[in-house]
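Rule-based calculations on the coordinates, nothing more; no lab input. Worth saying up front: this structure is predicted, and the values here are computed from it rather than measured. Note that each Cβ is placed from the backbone with ideal geometry, even for glycine, and that neighbours are counted across all protein chains shown.
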Amino acid sequence: MPLPTIAVCCSGQGTNLQAILRAIRRRRLKARIGVVVSDNPKAYAIVRAMKAGIPTVVLDPRGFSSRERFDRALSKVIGRSRPRIIVLAGFMRILSPGFVRRYPRRILNIHPALLPAFSGCRAVADALRHGVKVTGVTVHFVDEKVDHGPILAQEPVPVRPGDTEQTLADRIHRVEHRIYPEAIQRVLKG
Ligand code: GAR
């Protein structure tokens, strides 16, 4: 049986992509990555993908006149590898409803908070600012609303006295790197 293909979308450092690559290497995640797409030409995630020999595509939003046009190009690039699922790993873009409808229950996202708390792109800073004692990580299917959709996995991360955005983000990342590959594997197994 050929391994199911996944497509991964990233915008930044790509540490979650690295964790997915590691899980694939260790056969804890039985999948292959067909393509890594980034909307950020400077994303280090692209370097990680290239080092792993994975086809990479950069789609710079500045080259598109609307979100819908960008998303059509994204869909085309992703579609070429015929992925079973699309994995958003630090992809800092809102997907248009048209894109999301094309892939019902086939887009996964990881978010650095216990959704529905602290949605948006500054979840770690927001949690610190609010003085919560516990935040965490959520893996969910993507629906048409932002940072929203059926939850697949959640794990709390305590906020420690003296935590900075960096120290808290580091601890959140460690949890993400463990639970995202696990959640992806569960989805692929149905
Ligand atoms: C991760 O912490 C992920 O949860 C977050 O971006 C980071 C990407 O890190 N995503 C969001 O905030 C989505 N709203 P990485 O590039 O090192 O994987």
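For the stretch 9-148, what D do you get in µm² per second when you plug the Kirkwood radius from alpha-carbon pairs into Stokes-Einstein at 4 °C and 1.567 mPa s? Mind showing how you got there, number by number?
Details: Rh = 15.8 Å.
Value of D from the Cα-based Kirkwood radius: 82 µm²/s.
Test of understanding: in a Gaussian network model of the chain with alpha carbons linked when under 10 Å, which of T164, T138, T56 would top the mean-square fluctuation ranking?
Judging by the Gaussian network model, the answer is T164.
Calculated FRET efficiency, M92 and R32, Cβ-Cβ r, R0 30 Å, to nearest 0.05?
Numbers: r = 25 Å, r/R0 = 0.83.
My answer for the efficiency is 0.75.
Calculate the dipole size of the chain relative to its Cα centre from +1 charges on Lys and Arg beta carbons and -1 charges on Asp and Glu beta carbons; express the result in debye to the nearest 20. Numbers along the way, then the final one.
Details: 33 positive and 14 negative charges, 184 e Å.
Rounded to the nearest 20 debye, it is 880 debye.
Assuming R0 = 25 Å, can you tell me the calculated FRET efficiency for the pair E155 and A73, based on Cβ-Cβ distance, to the nearest 0.05?
Values: r = 34 Å, r/R0 = 1.37.
The calculated FRET efficiency here is 0.15.
Taking the Cα centre as origin and putting +1 on Lys and Arg beta-carbons and -1 on Asp and Glu beta-carbons, what dipole magnitude results for the stretch 67-164, to the nearest 20 debye?
Details: 17 positive and 8 negative charges, 119 e Å.
Rounded to the nearest 20 debye, it is 580 debye.
Pick from H173, H148, H130: which residue has the top mean-square fluctuation in a GNM of the chain where Cα pairs under 10 Å get a spring?
The residue with the greatest mean-square fluctuation here is H130.
Lysines within cross-link reach of K189: Cα-Cα under 29 Å, excluding same-chain residues under 8 positions apart?
K30, K51, K76, K145
Would you compute, from DSSP H runs of 4+ residues alone, the mean residue ellipticity of the chain at 222 nm, taking -39500 (n - 2.57) per run and dividing by the full residue count, rounded to the nearest 500?
Details: 6 runs with 71 residues, N = 190.
Rounded to the nearest 500, the figure is -11500 deg cm²/dmol.
Relative contact order for the stretch 45-190: what is it in percent, counting Cα pairs under 8 Å that are at least 6 residues apart?
Values: 183 pairs, mean separation 26.2, N = 146.
Rounded, it is 18 percent for the stretch 45-190.
log10 I(q)/I(0), Debye, Cα-only the stretch 1-50, no solvent, q = 0.23, 0.27, 0.29 Å⁻¹?
-0.80, -1.01, -1.11
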